[in-house]
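Structure incoming, see below.
The values are calculated or read from the model by the stated rules, or taken from the named source; none is laboratory data. All of these numbers come straight from a predicted model, not from anything done at the bench. Every residue, glycine as well, gets a Cβ built from its backbone with ideal geometry; the counts of neighbours run over all protein chains shown. All accessible areas refer to the heavy atoms of the entire protein, side chains included, with ligands and DNA or RNA removed. Shrake-Rupley method; radii C 1.70, N 1.55, O 1.52, S 1.80 Å.
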Amino acid sequence: SLALLLALPLAGQAASYATGSAMPAFSLEDQHGKKVSLQPDTRLVIFAADKAASDLANEVLGNEKEGVLERLQAVYLADISGMPALVTRMFALPAMRGLPFPIGLAREAGVLADLPRQKGAVSVIRLGDGKVSRVDHAQDATQLKTLLGLR
């Protein structure tokens with residue numbers, strides 16, 4: 001029964017992004033200090049859990065016309081909680097401020113811990129009526145463009 005108790009939190013995490021489950025609400029600040037949160041019409045959550053995923057998402061989105069997230073009805077989130085504060089302040093934030101789209105930044109560990117992730121891959125969570133309809137992971141630019149419907 002101890003194994004069952006230990007497995008329960010993991011089961012809860014996996015189940016929270018099962019098809020048909022509600023997407024948890026969040027509110028983060030972007031690289032400009034503006035609020036980023038789910039809106040009723042949000043259809044995609046693009047999530048980068050590590051630097052490789054973030055570089056991939058930035059590359060793909062950065063090659064699109066301005067307003068790409070609005071056109072896709074998407075929010076882009078990045079977990080930067082593992083980044084040292086000095087690196088964030090001195091290098092990462094100034095670089096991100098040059099990007100033509102907002103990135104909701106999780107600066108504290110655990111804020112986006114429940115989001116599905118794969119090392120080096122961008123997670124794309126599709127929503128319908130605020131509920132998860134599908135979760136995919138993109139390992140490269142071609143996969144990510146396909147998942148986002150960009151050509």
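Looking only at region 102-147, how many residues end up being open to solvent by 10 Å² or more (accessible area, probe 1.4 Å), outside any strand (DSSP E or B) and under 20 Å from Glu59 (Cβ atoms)?
Qualifying residue count for the region: 13.
In region 30-49, what residues are of a type in the set (D, E, K, R) and either without any contact (Cβ under 8 Å) to a residue 60 or more places away in the chain or open to solvent by 40 Å² or more (accessible area, probe 1.4 Å) (or both)?
Listed by number, the residues that qualify are Lys34, Lys35, Asp41, Arg43.
All but one of (1) open to solvent by 40 Å² or more (accessible area, probe 1.4 Å); (2) at pLDDT 95 or above; (3) in contact with a strand residue (DSSP E or B) (Cβ under 7 Å, 6 or more places away or on another chain) hold for Gly20, so report the exception by its number.
In the conditions (1) open to solvent by 40 Å² or more (accessible area, probe 1.4 Å); (2) at pLDDT 95 or above; (3) in contact with a strand residue (DSSP E or B) (Cβ under 7 Å, 6 or more places away or on another chain), Gly20 misses (2) alone.
Something else about it: In the set Gly120, Gly110, Gly98, Gly104, which member is farther than 19 Å from Thr42 by Cβ and touching an Asp or Glu at 6+ places or on another chain (Cβ under 8 Å)? Working first, answer last.
Values: Gly110 fails: touching an Asp or Glu at 6+ places or on another chain (Cβ under 8 Å); Gly98 fails: touching an Asp or Glu at 6+ places or on another chain (Cβ under 8 Å); Gly104 fails: farther than 19 Å from Thr42 by Cβ.
That would be Gly120, the only listed residue that is farther than 19 Å from Thr42 by Cβ and touching an Asp or Glu at 6+ places or on another chain (Cβ under 8 Å).
Could you grab the pairs with beta carbons closer than 9 Å, sequence gap of 6+ or different chains, first residue in region 73-87 and crowded, with 24+ Cβ neighbours inside 10 Å, second one polar (S, T, N, Q) and part of a loop (DSSP other than H, G, I, E, B)?
Hits for this filter: Val75/Gln39; Val75/Thr42.
Here is a further query. For region 92-100, indicate whether the set of residues that are part of a loop (DSSP other than H, G, I, E, B) and touching a residue at least 12 places away in the same chain (Cβ under 8 Å) is non-empty.
yes
Determine if region 59-72 includes at least one residue that is in contact with a Phe, Trp or Tyr (Cβ under 7 Å, 6 or more places away or on another chain), part of a helix (DSSP H, G or I) and of a type in the set (Gly, Ala, Ser).
Among the residues of region 59-72, not one is in contact with a Phe, Trp or Tyr (Cβ under 7 Å, 6 or more places away or on another chain), part of a helix (DSSP H, G or I) and of a type in the set (Gly, Ala, Ser), which makes the answer no.
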